[in-house]
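The values are calculated or read from the model by the stated rules, or taken from the named source; none is laboratory data. Not measured: the values here are computed from a predicted model. Protein only, heavy atoms only, side chains kept; ligands, DNA and RNA dropped before computing areas. Shrake-Rupley method; radii C 1.70, N 1.55, O 1.52, S 1.80 Å.
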Amino acid sequence: FYNLPEKCLVRIFTVSGDVVDIIEHDLSGPVDPTRWNSPHAVDWDLNSRNQQQVVSGLYFFSVEDMTDEGRGHIDVGKFVIIR
């Protein structure tokens, strides 16, 4: 996920609305210089909260801004996993 606010929550859902995973993104700490992606990005290992690999299909995501300037603003989108 790219172009994220400095502090946010990324939630991933199935089409039926079940929560697959919740990823916290916070740039208030030190940034790892060995990271392959942007500091305003977060990667996901395609595992659920139960550490099970997700199946192919359509998924939805929401990004909830947790910064003081944008607190509560939520952006949503969808993506497909093809294995």
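Is it true that some residue in the stretch 18-37 is open to solvent by 30 Å² or more (accessible area, probe 1.4 Å), modelled with pLDDT of 90 or more and part of a loop (DSSP other than H, G, I, E, B)?
Here is the first cut: in the stretch 18-37, the ones open to solvent by 30 Å² or more (accessible area, probe 1.4 Å) are 18-19, 22, 24, 26-36.
Applying the additional criterion that residues be modelled with pLDDT of 90 or more yields 18-19, 22, 24.
Checking which are part of a loop (DSSP other than H, G, I, E, B) leaves us with 18.
Checked against the condition, which is being open to solvent by 30 Å² or more (accessible area, probe 1.4 Å), modelled with pLDDT of 90 or more and part of a loop (DSSP other than H, G, I, E, B), the stretch 18-37 yields at least one hit.
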Residue within the stretch 7-17 that is open to solvent by 50 Å² or more (accessible area, probe 1.4 Å), at pLDDT below 95, under 19 Å from residue 82 (Cα atoms) and not in a strand (DSSP E or B) present: no
Qualifying residue in the stretch 48-64 (condition: at pLDDT below 95 and of a type in the set (Ser, Thr, Tyr)): no
